[in-house]
Structures are given as structure tokens and as C-alpha cells.
1. If the chain between Arg117 and Asp393 were fully stretched, how many nm would it gain, using 0.36 nm times the residue separation less the Cα-Cα distance?
2. How much of the DSSP bridge set in segment 169-344 is antiparallel, in percent, rounded to the nearest 5?
3. Under a 5 Å amide H to amide H cut-off, with H placed in plane at 1.01 Å, what residues pair with Asp337 once short-range neighbours are removed?
4. For segment 370-384, what does the Karplus curve 6.51 cos²θ - 1.76 cosθ + 1.60, with θ = phi - 60°, yield as ³J(HN,Hα) per residue in whole Hz, taken in order and with x for Gly and Pro?
5. Hey, can you grab everything whose amide H is under 5 Å from the amide H of Arg186? Only 5+ residues off in sequence or another chain; H modelled, so Pro and N-termini drop out.
6. Among Lys162/Lys443; Lys72/Lys299; Lys109/Lys262; Lys406/Lys426; Lys154/Lys209; Lys206/Lys291, which pairs are too far apart, with a Cα-Cα distance over 20 Å?
7. With +1 on the Cβ of every Lys and Arg and -1 on the Cβ of every Asp and Glu, and nothing else charged, how large is the dipole of the chain about its Cα centre, in debye rounded to the nearest 20?
8. Among Phe187, Ala405, Thr336, whose Cα lies farthest out toward the positive end of the dipole of the chain, if unit charges sit on the beta carbon of Lys, Arg (+1) and Asp, Glu (-1)?
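Nothing in this text is a laboratory measurement; each read-out follows from the coordinates by a stated rule. Note that the coordinates shown come from a computational prediction; the quantities given were computed from them, not determined experimentally. With ideal geometry, Cβ positions are generated from the backbone for all residues, glycine too; neighbour counts draw on all protein chains shown.
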Amino acid sequence: MLDDSLWDKFLWDDCFLTKEDVPDTDTTPDEDESKRAQVFSGPVPHNASDPESADSLIASQMAKLSVADREKVYNDVHGIPDDCVEETSELIHNSLWGLQHEIDILPDKKAYNIAERLNPKYTHDREFRLAFLRCEKFDCHKAALRFVRHFQMKLDLFGEDKLVRDITQDDLDVDEMEILHLSNGRFLNVHDKAGRRINIIVMVKKTYKTDSCLRKAFYITMTAYRDIEIQRRGLVNVSIQFGNEVKGTSADNPDLVWKLPKQNQAIPLWVSAIHLCYTKEAWEGHNAMVKTALDKQSKVRCRVHCCGTILECLEELRGYGIDPSCIPVNNKGEITDRIKDHKRIEQQRRQERLKYPAPSTIAVPFCEDVLLGKGTPFQIHRGNKKLQQFVADRFKKYERAQKGAKKAVAHEIVEAVRSNGGLFLKQDGNRWVPVTDDVALLKVGALFRYLRLKNGTK
């Protein structure tokens, strides 16, 4: 591991290390990387978890940079503000045209072609494409490669039926929603000194399948990318690893450790800096694999912080433009704002429900949903309890209404549920299916009848 003093000398002294001094140990040739659409393909190098090999690989990439590029890397890593590209109408027009041209001449774009056939309106959305251009500072070739990689990654993770629509929480399964609610990987509502949003990844004492973690990470990224400032300035990743060993944690999965960093190549966001914070040497192999898996631009922007405690590691971030007090983690490595984050997740799902059409099936009901069925689990569900309150609040109005007007009161309640982002769901195997309006009205009517019997009214 190169310490800060060595890195600083490496960055500023052009005579310290030259291209000839360091063997090129990169396992992926430049020409292959410039054409490959696959994100997760390629074998894991036999020495991927070797710290010395990882640092030699980074040194090799640094040696290839010009003095100006090294200075850019230094500024990115240390949170020194960078001027954003001035987006004139001419630049945007020419870049969008150039992006399409570069997409057309790319040889490997199977997933993009499928998406283009299914819904060209989605693939040609102006703001969506601009996000990829901003990410690559309006380099049309790089943006085009990132764009087709995005669709290939999305196809690999979610399948063809979800390829040309935004992914929401309703698309996540039970494990993925559980990972989401762990709050261990997400964008904080804070920025570094360069104005870049901070994304944290905190290792937790539980293991999950690779695809579940990748799908959850994709969802998190694609809900954050709509922020234009993130598109223009990029983001900063802070990974926090604590404890005496990797075993039993979410990092105890070499396949995931290798694939997760590769998502950076296919998202419409620029990763300006990566900070790996850990307290024990047991994590060195894990971090070496992360650094090896990163693309070339991210490798040289990766820094390691190893101290006695997590808080000491986070304090080192101050020198890189990050206020450690904004990272919601205590000295035990525990996330301190989980309840607050759960409310944010709920609000996000509510907004998604109001924006997008109801899905055909759902794996995990929303807290505002009304679940049709008998028994205590249904009765105590928050959405069912809210429905009961809606019915109680309108009981007198319902009783006074004429026969035709009673249905209007029931409709009012159904709409009240939906305005909160709720759906009326029935169970179908291990999935939940939205019911029709008529079935929802029957449910509301049954509650009114139950309340009438309970009150002893005729």
C-alpha cells in the first residue's frame, strides 16, 4: 500500500516513476476495454486479492498519465473543486448527434439493440442521454460505450421485460428490499468540498447473493442519477469495513467483490474518488480485489485508509474534502441514522407509486398497501390499519348516504389509499397481485358492514 507521502511525490514528481519503471500488469488491454459492452464478463485474475499486485497495477496506470491528468486525479481525490463543462445549446446538440453516431459504430451492442426495438422513446430520451454525456465530460465515444454497457448490465440483472423502464422498489425481491433497508449502501444528502454527493458502503454481518446486491446497487444509483449536479460533478464512494475478519460479512463473497466495482463502468455517474476505510489487516485482500476490479480511471482515484478505529479512518477523510461528521457511522461500525433512512425509503417508494403505473406483481408489499386476507398478519399491517381508520372516519357519512351515494364514499376511501401510494393486493403464491377497483370496493364495503355490526346498528 502506497502511503500519502509517496502518493503525493508520485503525483507531482514526473521523474519519480516513468512508464518504463513499472511493468504493465493490467489484465485488460486498452483496445479490448474500448469495445467491450459486457460489464461482468472476464475471468478474475489469479492475483486479484494480492495487495502488492493491486498497488503495482495502480502504479502502472499512474505512470501512463500525463502531468495534467495526474493533477486532475490529485484534485479529484482531494476534493478540490473543478470547473464543470459549460453546456451551450450548440454543445448539447452536437454531442447528442455525436453520441448516436458513436453508438451506431460500436460493434457490441446487443442489449441496446433489444431496448431500441422494444421502446425507442426510452433509449432516445434526451435527459437520459445527457446524463451519460455529462458523466464523460461530453466525450461522445466514452459516453456511447457507457450507454450500451448500461443496457447490457440492466439486461443481465433484470431481464428483457424491465429493460426499457425505470427500476423501482416494486421490482426488488425480498432479499433486495432487506438489503435496501439495511441502509448500508446509499447516497447521503451531503457533499464534499467539491460539491460532490457522497455514497457510503458499510459492510454488515450478513451475506447475500451476488445478483441481489448488484440489483439493489443498480436501483440506488439509478434513483440518484437524476440529480443534474451529480451528473456534472460526479460522486465520491466511501467504503467502511470494520471487525477482525471478512468472514460472515457482506464482503465474504469474492464474486460480489469482483463485480460490484464494475458497475461503475455502466452507470451515468462519474466516480471522482474512492476511499476504502478499514481497521484490520484482514481486509487487505478484499480491498486489493476491489482495486483490481475497478476500471482504469477509477483505479488511480482510489485511496486506502487503515487506522486503529473507524472514526480515526474517517477523520483522515477531512484531508480529502470530506467532513467525517457527516458519515452516519459510530466507532463500532454501526449505522446511526437507520430509522431516518427507512422513512426516506418509504417516501421514495410513495413517490414511485404515484409516478409509475402499478406493476403486475410485487414481491414485497409497501407499508401503505392494503392486503386482502384473513388473520392477524393482515390486520396489523399498517396499510390495513389505515384503511380501518379511513372507514371509521367516514362511517357516519356512509350511513347517512343514499344507496347510490354509498359507493361514492367507498370510492373516496379507495382513492385515499392510492393517494398515499398504496395498492389493494391479494396473495398469489409468493407474490402479491393488485386487484381491480371492484374488488377494492368490496373490501371497503365489507369493513363498513363489520363496523355496523360492531356498533349494533341496522
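1. My answer for the length gained is 94.4 nm.
2. Values: 5 of 23 bridges.
The antiparallel fraction comes to roughly 20 percent.
3. Amide H neighbours of Asp337, under 5 Å, 5+ apart: none.
4. 9, 9, 8, x, 10, x, 4, x, 6, 5, 8, 4, 4, x, 5
5. The answer is Ile200.
6. On the way: Lys162/Lys443 31 Å; Lys72/Lys299 14 Å; Lys109/Lys262 18 Å; Lys406/Lys426 24 Å; Lys154/Lys209 17 Å; Lys206/Lys291 23 Å.
Correct reply: Lys162/Lys443; Lys406/Lys426; Lys206/Lys291.
7. Numbers: 71 positive and 70 negative charges, 812 e Å.
That gives a dipole near 3900 debye.
8. Towards the positive end, the residue furthest out is Ala405.
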